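A quick write-up on the structure given underneath.
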Amino acid sequence: EKFVYDFTEGNKDLKDLLGGKGANLAEMTNLGLPVPPGFTITTEACKVYLESGAEPPALRDEVSAHLEALEAKMGKKLGQADDPLLVSVRSGAKFSMPGMMDTVLNIGLSDASVAGLAAQAGDERFAWDSYRRLIQMFGKTVLGVDGDLFEEAIEDAKQAKGVKVDIELDAADLKRLVDRFKGIVSEETGRSFPQDPREQMDLAVCAVFDSWNTDRAKLYRRQERIPGDLGTAVNVCSMVFGNLGPDSGTGVAFTRDPASGRQGVYGDYLQNAQGEDVVAGIRNTVPLAELEQLDKKSYDQLMEIMETLETHYKDLCDIEFTIERGKLWMLQTRVGKRTAGAAFRIATQLVDQGLIDEAEALQRVNGAQLAQLMFPRFDDGAAGKQDLLGRGIAASPGAAVGKAVFDSYTAVKWSRSGEKVILIRRETNPDDLNGMIAAEGILTSRGGKTSHAAVVARGMGKTCVCGAEELEVDTKKRCLSAVAADGKRRVVVEEGDTVSIDGSTGKVYLGEVPVVPSPVVEYFEGRTHAGAETTNPEGDDLVKSVHRMMAYADRVRRLYVRANADNAEDAARARRFGAQGIGLCRTEHMFLGERREMVERLILADTDGERDEALGALLPLQKADFVELFESMDGLPVTVRLLDPPLHEFLPDITELSVRVALAESRKDANENDLRLLQAVHKLHEQNPMLGLRGVRLGLVIPGLFAMQVRGIAEAAAERREAKGDPRAEIMIPLVGTVQELEIVREEAQRVIAEVEAATGTDLALTIGTMIELPRAALTAGQIAEAAEFFSFGTNDLTQTVWGFSRDDVEASFFTAYLEKGIFGVSPFETIDRDGVGSLVRNAVEAGRATRPDIKLGVCGEHGGDPESVHFFHEAGLHYVSCSPFRIPVARLEAGRAAA
Ligand code: PEP
Ligand code: MG
């Protein structure tokens with residue numbers, strides 16, 4: 001097994017083995033771009049190390065061979081006293097984990113070689129500063145020394161000299177600082193800073209391996225659903241220096257704007273600095289376009305390289321580069337992260353440029369991004385009336401409102417108790433991850449579009465405004481202060497005050513700004529149409545892109561998309577959003593409000609007469625509901641589910657009623673009806689109502705209930721026919737566990753339908769099917785299909801019963817612990833559990849088809865609108881998914897992506 005690859009040996013498709021950074025460095029090397037020579041140690045080596053606690057035995061020799069080749073190429077040896085080769089040792093996993101893992105620069109410097117570096121660079125200060133950086137980074141990441149100790153030593157040095165910034169420390173100061181740093185290392189670790197360059201390198205490599213398993217890296221992986229066993233590769237790369245004077249510098253660039261998707265020159269440049277200075281957002285950068293004035297040759301070369309990369313990768317690339325004394329070096333590239341809006345725009349732009357086809361375009365966007373574009377935004381009119389505190393960089397779009405908090409601990413604590421919070425920091429670092437996850441939005445006063453806060457927030461789809469420099473953030477006093485828009489007052493925002501941040505404009509407001517719907521929703525609602533002139537050009541070309549992507553998806557998808565809707569209004573919206581029918585009408589929702597009492601009367605009925613009377617009162621109401629629903633979905637299937645929930649849901653709360661009756665009795669004026677009601681409530685009370693008298697069981701024990709509902713459906717269908725409509729009702733029986741239950745209910749339903757057909761002289765073509773939402777139903781689906789014309793998987797109840805998880809309780813009680821322990825990466829109520837619930841679904845599909853080849857198959861649990869689950873249902877061969885109206889566009893897009 002080969003554990004080390006030279007940059008000339010790899011390519012971009014070897015991300016599993018070389019990590020994203022290593023694979024892309026190799027790709028750029030082979031494209032002939034100026035990449036500093038180096039090699040990559042594979043993720044396999046990391047896995048062996050993490051499993052066995054030691055590097056694979058062959059690794060050392062392989063590294064030696066590659067190091068020798070590198071030294072030969074560079075014409076100098078690692079740490080050579082008169083002219084040292086220096087290297088960086090950088091992590092690089094398959095999936096980007098910004099700032100989560102370790103990097104050490106300037107490996108190879110020592111007491112022996114620092115003078116050699118000074119002589120070669122002709123810059124003594126630079127050499128001591130480089131050595132200082134090495135001991136600091138090495139001490140912190142490899143030896144585990146508290147980084148604050150080094151920072152404090154720097155502060156002390158500056159104070160002693162009476163200066164404010166690092167730059168003002170000269171070679172002698174830095175030399176003293178190096179001594180101090182070495183002292184810190186000895187005091188803290190009981191060993192001296194290693195002077196042997198190879199030892200430095202080997203220790204740094206192991207530290208990078210170890211950094212795969214830090215708490216923050218693990219948390220990030222769970223959040224981003226990155227598997228925990230991939231390991232990281234390690235890139236050993238010859239150093240180039242951006243801090244060798246004004247003709248040097250470092251920067252980041254994007255081939256397109258990652259916020260809007262527009263083509264142009266986007267990025268940041270920092271003169272006379274090293275890469276870490278930019279990413280950390282510590283000093284302020286200048287826009288990349290200014291590089292043209294500073295160094296035209298490098299700028300032109302960079303533009304050319306960016307063009308090469310975009311055409312080669314056929315996508316937006318982001319780039320890290322360094323200029324060392326007028327010579328441009330590429331340090332990294334990758335297909336860049338982007339906002340949801342940019343993803344849609346870029347996908348369609350690339351189609352127009354002929355770089356990708358429609359199927360590929362669909363892989364460049366996803367349902368989560370579409371969902372994000374459907375979030376509401378701030379109302380500009382109302383925002384104008386709020387106190388504008390300032391403006392930062394629009395780093396990650398969205399509108400977030402919440403209480404100001406100034407540290408991650410408070411963010412987590414407050415959000416756990418149900419508060420919405422905005423995390424405000426001067427700048428964030430990987431230790432802030434918990435707080436960022438807990439917050440509605442993130443606001444920083446420093447750092448650009450590529451700062452930690454911006455990159456991580458974009459990745460999470462979280463609203464972020466960064467670099468709002470006019471805001472003064474004081475994390476110690478827990479407040480933020482700014483000059484008010486009128487320029488006269490100073491406004492102080494204390495912890496707990498409400499602020500609103502707009503990640504699309506970068507504006508920060510004091511107080512709560514009302515929000516308005518997104519242009520994408522307006523488009524789906526039909527209030528604007530693609531191509532219409534709007535006053536908002538941003539929204540306009542976004543809507544056009546979304547429109548086109550939806551058209552691609554609709555063209556290729558095999559799954560139909562229906563809505564879960566129980567009233568005409570939801571049905572109409574669903575239809576505007578592209579629903580192809582209703583997959584679940586929960587009839588219990590038709591019995592709420594004042595109708596609840598009518599159900600109460602049905603439940604309390606002692607005699608046949610009373611019961612018939614109660615049912616008779618409900619029938620016309622049910623029928624009218626169905627008429628409306630069939631009308632709004634004319635020509636499309638409407639699956640009506642007969643009553644499902646436990647009856648006590650229609651009765652008063654047992655405790656409240658008991659108290660009321662007891663009080664009344666003590667006053668001796670207890671009312672007859674309340675007493676009967678209390679009796680009924682006691683009789684129907686269940687310890688486990690979700691496993692009790694509900695679903696088909698209600699139909700079997702309450703005479704006439706299902707018959708009334710079926711009659712309502714049949715008569716409504718007949719009435720629609722009469723009105724020349726095209727009703728396509730499907731009657732669905734819930735919570736069936738055995739075919740016998742279904743047969744009894746089905747015979748009764750057929751009798752009622754036949755009666756209505758005879759009375760109206762119409763053939764209603766109603767179909768009867770069942771939900772598959774109990775394990776037994778899934779296991780005996782072959783038998784159940786004898787009596788069912790369709791199956792609709794109720795994955796909510798199926799998940800509940802397969803796992804034995806109460807769907808109403810567990811997410812609030814122990815799911816956090818399960819997620820933290822990595823038992824699952826996401827709640828099985830949100831994304832289908834493929835192995836467990838999913839395997840029952842597959843078996844039931846197969847068994848159902850074996851019995852009845854033309855059986856219609858769908859899903860109506862919440863999973864029907866979940867992107868990942870939609871792919872599963874596509875693979876399982878269902879005909880349709882059904883989800884809430886708002887999720888229909890997401891389901892359409894994902895169904896298209898699954899099929900493309
Ligand atoms: C289900 O169980 O998945 C379902 C759709 O039914 P309900 O959520 O109404 O129980
Ligand atoms: Mg159910």
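Quick note: the coordinates plus some simple rules give every number you see, no bench work behind them. What you see is a predicted model; the values in this text were computed from it and never measured. Every residue, glycine among them, receives a Cβ derived from its backbone with ideal geometry; neighbour counts consider all protein chains shown.
With Cα atoms as the point set, region 249-338 shows a radius of gyration and Dmax of 12.1, 33 Å.
Distance between the 7 Å Cα→Cβ label points at Ser481 and Ala54: 6.0 nm.
Among the aspartates and glutamates, which have Cα under 20 Å from the Cα of Lys488 when same-chain residues fewer than 8 positions away are ignored? Here the aspartates and glutamates satisfying the reach criterion relative to Lys488 are Asp387, Glu469, Glu470, Glu472.
Remark: for residue pairs Lys164/Lys403; Lys314/Lys856; Lys413/Lys477, the C-alpha separation exceeds 29 Å in Lys164/Lys403; Lys314/Lys856. For the chain, the Kirkwood radius over C-alpha pairs fed into Stokes-Einstein at 10 °C and 1.306 mPa s yields D = 51 µm² per second.
Normalised by the number of residues in region 540-625, the average gap of Cα pairs under 8 Å and 6 or more apart makes the relative contact order 21 percent.
The gain in end-to-end length when the Glu470 to Arg176 segment is fully stretched comes to 102.2 nm, 0.36 nm per residue minus the alpha carbon separation. Applying D = kT/(6 pi eta Rh) to region 560-704, where Rh is the Kirkwood radius over alpha-carbon pairs, T corresponds to 25 °C and eta to 0.890 mPa s, the Stokes-Einstein value obtained is 143 µm²/s.
Each part reduced to its alpha carbon centroid, region 440-500 and region 93-155 end up 31 Å apart. Residue-normalised convex hull volume from the C-alpha trace of region 538-597: 88 Å³ per residue. Take the Cα of Lys73, go 7 Å toward its beta carbon, and the backbone nitrogen atoms of region 209-251 under 18 Å from that spot belong to 234-241.
Using the Cβ atoms and a cut-off under 10 Å, what net charge is assigned to the surroundings of Arg586, where Lys and Arg are +1 and Asp and Glu are -1? Once positives and negatives cancel, what remains is -2.
Compared with the dominant principal axis of the Cα atoms in the chain, helix 215-224 is inclined by about 50°. Residue separation of Ala112 and Asp300 scaled by 0.36 nm, minus their Cα-Cα distance, works out to 63.8 nm of gained length. The Cα-based radius of gyration and maximum Cα-Cα distance (Dmax) for region 4-238 are 18.2, 53 Å.
When the Kirkwood radius is taken over all Cα pairs of region 385-530, what Stokes-Einstein diffusion coefficient follows at 4 °C and 1.567 mPa s, in µm²/s? In µm²/s, the coefficient is 86. Computed across region 378-458, the Kirkwood radius stands at 13.1 Å (inverse of mean 1/r, all Cα pairs).
Considering only alpha-carbon pairs that sit under 8 angstrom and 6 or more positions apart, the relative contact order computed for the chain is 9 percent.
If you take the alpha carbon atoms of region 471-626 and fit the smallest convex hull around them, that volume is 243 Å³ per residue. Once both labels are positioned 7 Å from their Cα atoms along Cα-to-Cβ, the gap between Arg527 and Ala754 label points is 5.2 nm.
The alpha-carbon of Lys2 sits under 26 angstrom from the alpha-carbons of these lysines, leaving out residues fewer than 8 places away in its chain: Lys12, Lys15, Lys21, Lys47, Lys73, Lys76, Lys77, Lys94. Distance distribution note for region 663-743: the fraction of Cα pairs above 14 angstrom is 76%.
Computed over the alpha-carbon atoms, region 1-59 gives an Rg to Rh ratio of 1.03, Rh here being the Kirkwood radius from the mean inverse distance. Across region 249-338, the relative contact order, built from alpha-carbon pairs under 8 Å that are at least six residues apart, equals 32 percent.
When all alpha-carbon pairs of region 369-419 are counted, what percent fall beyond 11 Å? That fraction is 80 percent. Sorting 577-589, 371-383, 128-140, 837-849 by average packing, meaning the other beta carbons within 10 Å per residue, from highest down gives 128-140, 577-589, 837-849, 371-383. Derived value for region 765-857: Kirkwood hydrodynamic radius 14.1 Å. Basis is the mean of 1/r over every pair of different alpha-carbon atoms. For Lys182, the lysines whose Cα falls under 16 Å of its own Cα, not counting residues fewer than eight places away in the same chain, are Lys140.
In the chain, the longest principal axis of the Cα atoms and the axis of helix 171-189 are about 60 degrees apart. Alpha carbon centre of region 244-319 versus region 1-73: separation in Å? Here the answer is 26 Å between Cα centres.
Between the Cα long axis of helix 654-666 and the first principal axis of the chain there is an angle of about 50°, rounded to the nearest 10.
The Cα atoms of region 1-127 cover 41, 36, 29 Å along the three principal axes, with the biggest extent listed first.
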